[in-house]
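The structure appears right after this line, and notes come after that.
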Amino acid sequence: MNEARTELPERVRVVGIGADGWPGLSPIARQAITEADVLLGSRRQLDLVPEPSDRRVTWPSPLLPALPGLFAEYADSAVCVLASGDPMFHGIGATLARLLGPERLDVIPQPSSVSLACSRLGWPSQETEVVNLVGRAVENVLAALDPGGRLLVLGSDGTTPGRVAELLTEHGFGPSELTVLQNLGAAHERHRTTTAAELRENTEPLHVLAVRCRTDEETQPPFERFRTAGAPGLPDEAFEHDGQLTKRDVRVTTMARLAPFPGGLLWDVGAGAGSVAVEWMRAAPSCRAIAIERGSERAERIARNAARLGVPELSVVAGTAPEALRDLERPDAVFVGGGVTAPDVLRTCMEALAPGGRLVVNAVTMESESIVSDWYSRLGGELVRIGIEQAAPIGGFTAWRPAMRVTQWAVTKR
């Protein structure tokens, strides 16, 4: 890794440029561009700055695999990279910081599209959630829906507003107010406001979609109204399942002990309906999860649940633990909801965890409880038994109906 880094430029300037182009740049930003030996950017960005054109390089496609070789080629040149608005906000700046190291970058930002959109709408930016759909499935917006909430959606192209509007309408948010803000900061900036139920046509590729969430109370299923981002405990009926489901109340305690954090990777082993993996990914936009389930039909069901509940990037592995775990990316947390009694499952999970990682196991049968108790006696942690009773009608009266008790073991790897 260190050898590769010696072939990279010593300094790279990253200049944010808005839709207003060259006139909107500060003197420092203009100087960074004019002094560069090589100017890198998208075709649209490069066209916003004046000649000369003999030192311009358009980003290759696919971009990420080509970046190391591209910067190695210009290691002895003064390199300037053009970015949209604020390079460090869902932009190329963050990618270059990981590749080159932040110490090599001089970043000169412009207002981001989100900052411009909030200023046009009068929305406090700290109270507005941003959903990035660039290169991602449109279903990601579903995890952010919250009646009364405000979203700004960053789209891949001009079809994004129509596809988001169609999805919102399907999920009972047809009355939501949608504002398409096109070419923010340019002389030809335009805004259009309508509802999700009415918006269908395409728009300019350079846009931000503002969503003021409103629900259709008459047609919306009850569980669809439970949309508060980051709050665990989706109702059981939110999931398609065949009975193999970590129930809501137990799921909440499971999530509390797993303790999701931004960027963390979870293994959901014996995932059933995938409810724990879905809740983990809904905790923060950057949370990742892999659901491992041996039944192909259940694996397909997990994928459907993930898409419908706003986390379509959930990775589903159809296979049997521990064999299916061997080549997976190292997790930050592991939940074992099924397959506890399979030989070597818990050992494999513990070995895979990084130091400081969390393992949570839910056991229902006497056999699985015996295994969990043995591990607890050796490694410690927390061992609790959870009993849930729900009120249910019996004849003309109401009585408590107990669910099966769950023994839960949680431990942090030292």
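Give the residue that is farthest from F89 (Cα to Cα), with candidates limited to residues of region 17-57 that are of a type in the set (K, R) and outside any strand (DSSP E or B).
The qualifying residue farthest from F89 (Cα to Cα) is R55.
Which residues, taken from region 340-370, are open to solvent by 40 Å² or more (accessible area, probe 1.4 Å), over 16 Å from R405 (Cα atoms) and either in a helix (DSSP H, G or I) or not basic (K, R) (or both)? Before the answer, list the steps.
So the first thing to find is which residues in region 340-370 are open to solvent by 40 Å² or more (accessible area, probe 1.4 Å), and the list is 341, 343-344, 347, 351, 355-356, 358, 364-367, 369-370.
The next check asks that each one be over 16 Å from R405 (Cα atoms); those that pass are 341, 343-344, 347, 351, 355-356, 358.
Passing the criteria: T341, P343, D344, R347, E351, P355, G356.
Would you check which residues across region 321-336 are outside any helix (DSSP H, G or I), under 23 Å from the mean Cα position of the chain (by Cα) and closer than 20 Å to G272 by Cα and list them? Full working, then the answer.
Within region 321-336, the first condition is being outside any helix (DSSP H, G or I), and the residues that meet it are 321-322, 326-336.
Next, from what is left, pick out any that are under 23 Å from the mean Cα position of the chain (by Cα): 327-336.
Passing the criteria: L328, P331, A333, V334, F335, V336.
So, in region 371-391, how many residues would count as being at negative phi and either surrounded by fewer than 10 Cβ atoms within 10 Å (Cβ to Cβ) or outside any strand (DSSP E or B) (or both)?
First pass over region 371-391, keeping only residues at negative phi: 371-379, 382-391.
This time we only want the ones that are either surrounded by fewer than 10 Cβ atoms within 10 Å (Cβ to Cβ) or outside any strand (DSSP E or B) (or both), so: 371-379, 387-388, 391.
So the answer is 12.
Tell me the residue from P331, P285, P260, P312 that is touching a helix residue (DSSP H, G or I) at 6+ places or on another chain (Cβ under 9 Å) and under 23 Å from H241 (Cα atoms), please. If you could, list the steps in order and put the result at the bottom.
Numbers: P331 fails: under 23 Å from H241 (Cα atoms); P285 fails: under 23 Å from H241 (Cα atoms); P260 fails: under 23 Å from H241 (Cα atoms).
That would be P312, the only listed residue that is touching a helix residue (DSSP H, G or I) at 6+ places or on another chain (Cβ under 9 Å) and under 23 Å from H241 (Cα atoms).
Looking for something loosely packed, with under 15 Cβ neighbours inside 10 Å and modelled with pLDDT of 75 or more - is there at least one such residue anywhere in region 205-216? Explain how you work it out, then say what you get.
Going residue by residue through region 205-216, those that are loosely packed, with under 15 Cβ neighbours inside 10 Å are 205.
After this cut, where a residue has to be modelled with pLDDT of 75 or more as well, the list is 205.
Yes, there is a match, as at least one residue in region 205-216 is loosely packed, with under 15 Cβ neighbours inside 10 Å and modelled with pLDDT of 75 or more.
Are any residues in region 288-309 open to solvent by 10 Å² or more (accessible area, probe 1.4 Å), assigned to a helix (DSSP H, G or I) and touching a helix residue (DSSP H, G or I) at 6+ places or on another chain (Cβ under 8 Å), and if so, which ones?
Those that are open to solvent by 10 Å² or more (accessible area, probe 1.4 Å), assigned to a helix (DSSP H, G or I) and touching a helix residue (DSSP H, G or I) at 6+ places or on another chain (Cβ under 8 Å): A307, R308.
Search region 392-404 for residues being part of a strand (DSSP E or B) and not aliphatic (A, V, I, L, M), and hand back the single one that is farthest from T246 (Cα to Cα). Outline the logic, then answer.
Narrowing region 392-404 to residues part of a strand (DSSP E or B): 392-394, 397-402.
Restricting the remaining residues to those that are not aliphatic (A, V, I, L, M) gives 393, 397-398, 400-402.
On the way: P393: 23, F397: 28, T398: 25, W400: 20, R401: 18, P402: 15 Å.
Once the filter is applied, the top-ranked residue is F397.
With the requirement that a residue be over 16 Å from the mean Cα position of the chain (by Cα) and of a type in the set (V, I, T), what does region 250-288 give you?
Passing the criteria: V250, V252, T253, T254, V269.
To keep it simple, each residue is scored yes or no on (1) more than 29 Å from the chain's Cα centre (by Cα); (2) closer than 26 Å to Q182 by Cβ; (3) of a type outside the set (A, V, I, L, M); (4) open to solvent by 30 Å² or more (accessible area, probe 1.4 Å).
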residue: G16; (1), (2), (3), (4): no, yes, yes, no
residue: V38; (1), (2), (3), (4): yes, no, no, no
residue: P50; (1), (2), (3), (4): yes, yes, yes, yes
residue: L70; (1), (2), (3), (4): no, no, no, no
residue: I92; (1), (2), (3), (4): no, yes, no, no
residue: S112; (1), (2), (3), (4): no, yes, yes, no
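Output the number of the condition that D332 fails; it satisfies all remaining conditions of (1) open to solvent by 70 Å² or more (accessible area, probe 1.4 Å); (2) closer than 15 Å to A289 by Cβ.
Only one criterion in (1) open to solvent by 70 Å² or more (accessible area, probe 1.4 Å); (2) closer than 15 Å to A289 by Cβ is unmet by D332, namely (1).
The values are calculated or read from the model by the stated rules, or taken from the named source; none is laboratory data. Bear in mind the structure is a predicted one, so any value in this text is a computation, not a measurement. A quick note on method: Cβ atoms are made from the backbone with ideal geometry, for glycine too, and the neighbour counts reach across all protein chains shown. When the accessible area is computed, the model is the full protein with side chains, heavy atoms only, and any ligands, DNA or RNA have been set aside. Shrake-Rupley method; radii C 1.70, N 1.55, O 1.52, S 1.80 Å.
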